[in-house]
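So the structure is just underneath, and the comments pick up after that.
Values quoted throughout were computed directly from the atomic coordinates according to the rules given, and no laboratory measurement underlies them. For clarity, every value in this text was computed on a predicted model and none was experimentally measured. Cβ placement follows ideal geometry from the backbone for every residue including glycine, while neighbour counts extend to all protein chains displayed.
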Amino acid sequence: MGELIDWTTAFDIFDKDYIENPFEIWDTLRNECPIAHTDKWGGSWLPTKYDTVTKMAREPELFSSREILVVPPAEAPGSGAYGETKAAPISVDAPMHTWTRRQLLPAFSPRAVDELEVFTRAWCRELMDGIAARPTADAAVDYAQQIPAQVIATMLGVPTSMKDTFTKWVRWSLEAGLTNPELRIKARAELQDFFMGEIIKRRESGTKTDLIGELVHADHDGEPFPDGLILGMCGLLLIAGVDTTWSGIGSSLWHLATNKEDRERLVQEPELIPSAVEEFLRAYSPVTMARLVNNDMEYEGCPMHAGDRVLMAFPAANRDPEHFENPDQVIIDREHNRHVAFGAGIHRCVGSNLARMEMRVAIEEFLARVPDFELIEDAEVTWAGGQVRGPRTIPVRINKSIGH
Ligand code: HEM
């Protein structure tokens, strides 16, 4: 246990207890203080009810996306080597949000994602060749973490050998880096140098066949996208696409390693995997992004001030008993599941089709090769938390594998 915290007035999303088991905390807050406030980390509000979170997400004129991180960057905007970079569309408001989002949508359409499935499955199978042959494995490090970086590298058109470097940048930006701004600045500098090199290559070669090439040759009102915008968008795709999806795959495998019945049922009835994916997304939602209050106002009885942060607690909304029957129970064939793990409103996740495909294929391929596995007794499972929650180590014993 960490120190004793009054969660209604001093919640701390980086506290060990919040990272490990936020569910009871959200229940308490929903009952006692449905929009809680803390002074920790510069101060923020935390709505925990489904109706409030989804309403706020649909009021971008009240709640801006100019700042989506709880701990703001230490450096002034524009202080990087390439001037002002914008992680659009996630950290901009309309009108810029509209045209930057529109530019990305085709690459993430269901059809585009279908085309990536064959490659994703082949890569999962290759990973499982290594895992199935062993008595134990780390389902997070050896598997979940390996998948999304490889997929996004392919989409961006950069060498897949970069995936470990990508993973490092992501961890520096979103895990350790969330509370350590120096690490975040270092990650940003390395990432921007790399992507600037890739942008220059595509400008010289005229390549349009990958996501970076599409951004380099895109225009808005007849003007090409500035370098800072392209860099910000590439960085966003990497960071938004990797940490989140690896958390989603990891939480699913952790659940299956600790819930024999669900695992056995999915092995027997793999056609249930898509609905299990939705349930894992609901119950273990990884992502909480922030907003900035635009003007002083009273909101549902709370005195909010311009510049206050609000945490869009989509994961807490997904456990609200007013919207989900037995919300703390994981029901892999749940019938009504209108979860908001991918957000709501204009910023709803651009990569949701891709994330769903990666989670489904990762689970299908894991269970096909290793139908029986369990958490190693007494081994430690570590969870990353804060704004993206997921297991970072899942030591498992492999009880049965197929093809070895
Ligand atoms: C399980 C995996 C994922 C989850 C749970 C997730 C969740 C979210 C959430 C909650 C938002 C809304 C943020 C807000 O309201 O401020 C969001 C936005 C976004 N996500 Fe995802 N995401 C996942 C995977 C991905 C992937 C694979 C990509 C792309 C490679 C991606 C790209 C984006 C982008 C570009 C936005 C910004 C959309 C906008 O502002 O219009 N995400 N995501």
With only helices counted (DSSP H, runs n ≥ 4, each -39500 (n - 2.57)), the per-residue ellipticity at 222 nm for the chain, to the nearest 500, works out to -15000 deg cm²/dmol
Expressed in nanometres to one decimal, the distance between label points 7 Å along Cα→Cβ at D6 and R66 is 3.2
For the pair D221 and S109, the simple spin-label estimate (label points 7 Å beyond Cα toward Cβ) gives in nm 2.7
Shape call for the range 29-169, from the Cα gyration tensor axes a ≥ b ≥ c (a/c under 1.5 means rounded, otherwise prolate when a/b beats b/c, else oblate), comes out prolate
Full extension between S275 and T393 adds, at 0.36 nm per residue less the Cα distance, a length in nm of 40.0 nm
Expressed in angstrom and rounded, the centroid-to-centroid distance over alpha carbons for the range 369-404 and the range 125-175 is 15
Within the range 33-74, the residues whose backbone N lies under 18 Å from a label point placed 7 Å from the Cα of I346 along the Cα-to-Cβ direction are 54-69
Extend 7 Å from the Cα of K260 along its Cα-to-C-beta direction; within the range 356-383, residues with backbone N under 13 Å of that point are 372-375
Answer in debye to the nearest 20: the dipole magnitude of the chain about its Cα centre, from +1 Lys/Arg and -1 Asp/Glu charges placed on Cβ, is 980
Quick shape check on the range 122-215: root eigenvalues a ≥ b ≥ c of the Cα gyration tensor, a/c under 1.5 is rounded, otherwise prolate if a/b tops b/c, else oblate, and it reads oblate
Most fluctuating of R125, R134, R58 in the GNM of the chain (C-alpha, under 10 Å) is R134
When the chain is treated as a Gaussian network with springs between alpha carbons less than 10 Å apart, the largest mean-square fluctuation among S161, S275, S91 is found at S161
Relative contact order of the chain (C-alpha contacts under 8 Å, at least 6 apart) in percent is 26
With the charge dipole of the chain built from beta-carbon charges (+1 for Lys and Arg, -1 for Asp and Glu) about the Cα centre, the Cα from L127, I90, H305 projecting farthest to the positive end belongs to L127
Most exposed first, judged by fewest Cβ atoms within 10 angstrom, Y50, Y18 run Y18, Y50
Given Cβ charges of +1 for Lys and Arg and -1 for Asp and Glu, the option among A341, W246, H37 whose Cα lies farthest towards the positive end of the dipole of the chain is W246
Listed by chain and number, the lysines with an alpha carbon less than 30 angstrom from that of K186, same-chain partners under 8 positions apart left out, are K16, K40, K86, K163, K168, K201, K208
Once amide hydrogens are built 1.01 Å from N within the peptide plane, the residues lying 5 or more places from H220 or on another chain with amide H under 5 Å from its amide H are F225
FRET efficiency for K16 and V118 from the Cβ-Cβ distance with R0 = 51 Å, rounded to 0.05, comes out at 0.80
One finds, for T98 and N337 with R0 = 41 angstrom and r their Cβ-Cβ distance, a FRET efficiency to the nearest 0.05 of 0.90
Here the residues of the range 85-109 lying in the modelled label zone of M196, meaning backbone nitrogen under 20 Å from a point 7 Å along Cα-to-Cβ, are 85-88
Restricting to Cα pairs under 8 Å and 6 or more apart, the percent relative contact order of the range 96-211 works out to 18
Subtracting the Cα-Cα distance of E374 and A306 from 0.36 nm times their residue separation yields 19.6 nm
Pseudo-spin-label distance N180 to E24, built 7 Å along Cα→Cβ, given in nm, is 3.0
